[in-house]
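Student: My questions will all concern the structure given below.
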């Protein structure tokens, strides 16, 4: 069986990736901070699909944990054929806050860890001549809602650069740019999304199926759903002052209950 490693694999989009991959016949390595939840999810997947599910308890804000996961990715005795860099969290904080610890953690988890783990996967996979790297960016990366947009813009651009470096090696590299997805992501971040209309929301399982299919086709940028693909196109071509205005309105709407 092929083996996929998913970070943040116990909830939201990461869990949806784990479920979909298991249903397609993949064995899994799940990486998350909460060991109890990690084992619960792993056992559910083993029972339901009958595949091997390894677990790695790791906090990707810690350098030593990131390097330990990177070592697992480069382990040639049980090669990882797909890496899904999904671990992340919302940032409900001002860029002006004196305490920048949450901003620093965001850079560690959603930028540095992505760079280190993708590099490990790229080296191992290109040596074998095949493999897939999927990094969860965001459509937020084309707007300007604080550091989360900046972090995800980095992920989006980094992934395109990685795809350039791995072109012709047999390794498929894809940045997935979700819009608003029904998960616990926003609630855990303390972000109020109650005023958003239902039409903007996606289901995680639908997003994951489209993302995996896009990666299999060799697409570097995957924006699941036609409506979000259209929004992405508009965001890429709209005047930047308009994008900043929309971003301010969106940020203000999240602050108000």
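The values are calculated or read from the model by the stated rules, or taken from the named source; none is laboratory data. All of these numbers come straight from a predicted model, not from anything done at the bench. Because the Cβ atoms are built from the backbone with ideal geometry, glycine has one as well, and the counts that use them run over all protein chains shown.
Student: Only residues in the stretch 227-243 that are in contact (Cβ under 8 Å) with a residue 12 or more places away in the chain count as the first member; pair them with residues that are surrounded by fewer than 11 Cβ atoms within 10 Å (Cβ to Cβ), Cβ under 9 angstrom, at least 6 apart or cross-chain, and list the lot.
Tutor: Here the result reads 227/199, each pair linking the stretch 227-243 to a residue that is surrounded by fewer than 11 Cβ atoms within 10 Å (Cβ to Cβ).
Student: Now, a different point. So residue 78 ticks every box in (1) crowded, with 16+ Cβ neighbours inside 10 Å; (2) touching a residue at least 60 places away in the same chain (Cβ under 8 Å); (3) assigned to a loop (DSSP other than H, G, I, E, B) but one. Which box is left unticked?
Tutor: Here residue 78 meets the rest and fails (1).
Student: Shifting gears a bit: Would you please list the contacts, defined by Cβ atoms under 7 Å and residues six or more apart or on different chains, that run from a residue in the stretch 32-54 that is on the phi < 0 side of the Ramachandran plot and assigned to a helix (DSSP H, G or I) to a residue that is at pLDDT 95 or above and surrounded by fewer than 17 Cβ atoms within 10 Å (Cβ to Cβ)?
Tutor: 35/57; 38/57; 49/23
Student: Whether any residue in the stretch 176-186 is over 17 Å from the mean Cα position of the chain (by Cα) and either crowded, with 18+ Cβ neighbours inside 10 Å or modelled with pLDDT under 90 (or both) is what I want to check.
Tutor: No, the stretch 176-186 contains no residue that is over 17 Å from the mean Cα position of the chain (by Cα) and either crowded, with 18+ Cβ neighbours inside 10 Å or modelled with pLDDT under 90 (or both).
Student: Look through 13, 73 and report the one residue that is modelled with pLDDT under 95, in contact with a strand residue (DSSP E or B) (Cβ under 7 Å, 6 or more places away or on another chain), crowded, with 21+ Cβ neighbours inside 10 Å and within 30 Å of residue 129 (Cβ to Cβ).
Tutor: Answer to the selection: 13.
Student: Okay, moving on. From 115, 107, 95, which residue is more than 17 Å from residue 30 (Cα to Cα), part of a loop (DSSP other than H, G, I, E, B), touching a helix residue (DSSP H, G or I) at 6+ places or on another chain (Cβ under 9 Å) and touching a residue at least 12 places away in the same chain (Cβ under 8 Å)?
Tutor: Numbers: 115 fails: part of a loop (DSSP other than H, G, I, E, B); 107 fails: part of a loop (DSSP other than H, G, I, E, B).
After applying the criteria, what remains is 95.
Student: Separate question: If I filter the stretch 194-210 for residues that are assigned to a loop (DSSP other than H, G, I, E, B), modelled with pLDDT under 65 and touching a helix residue (DSSP H, G or I) at 6+ places or on another chain (Cβ under 9 Å), do I get at least one hit?
Tutor: Checked against the condition, which is being assigned to a loop (DSSP other than H, G, I, E, B), modelled with pLDDT under 65 and touching a helix residue (DSSP H, G or I) at 6+ places or on another chain (Cβ under 9 Å), the stretch 194-210 yields at least one hit.
Student: Can you go through 66, 6 and tell me which one is closer than 18 Å to residue 136 by Cβ, in contact with a helix residue (DSSP H, G or I) (Cβ under 8 Å, 6 or more places away or on another chain), modelled with pLDDT of 95 or more and in a strand (DSSP E or B)?
Tutor: On inspection, the qualifying residue turns out to be 6.
Student: Mind checking which residues of the stretch 26-55 are more than 23 Å from residue 70 (Cβ to Cβ) and touching a helix residue (DSSP H, G or I) at 6+ places or on another chain (Cβ under 8 Å)?
Tutor: Going through the stretch 26-55, the residues more than 23 Å from residue 70 (Cβ to Cβ) turn out to be 36, 40, 43-51.
Passing the criteria: 45, 48, 49, 51.
Student: Let me ask something additional. With the structure loaded, tell me whether residue 124 is touching a residue at least 24 places away in the same chain (Cβ under 8 Å) and buried (at least 17 other Cβ atoms within 10 Å of the Cβ) or whether it fails that test.
Tutor: Yes: the conditions hold for residue 124.
Student: Follow-up. Looking for something touching a residue at least 60 places away in the same chain (Cβ under 8 Å), in contact with a helix residue (DSSP H, G or I) (Cβ under 6 Å, 6 or more places away or on another chain) and surrounded by 23 or more Cβ atoms within 10 Å (Cβ to Cβ) - is there at least one such residue anywhere in the stretch 158-167?
Tutor: Within the stretch 158-167, none of the residues are touching a residue at least 60 places away in the same chain (Cβ under 8 Å), in contact with a helix residue (DSSP H, G or I) (Cβ under 6 Å, 6 or more places away or on another chain) and surrounded by 23 or more Cβ atoms within 10 Å (Cβ to Cβ).
Student: Related question: Among the residues of the stretch 16-31, which ones are at negative phi and either surrounded by fewer than 24 Cβ atoms within 10 Å (Cβ to Cβ) or assigned to a helix (DSSP H, G or I) (or both)?
Tutor: 16, 17, 18, 19, 20, 21, 22, 23, 24, 26, 27 - these are the residues of the stretch 16-31 that are at negative phi and either surrounded by fewer than 24 Cβ atoms within 10 Å (Cβ to Cβ) or assigned to a helix (DSSP H, G or I) (or both).
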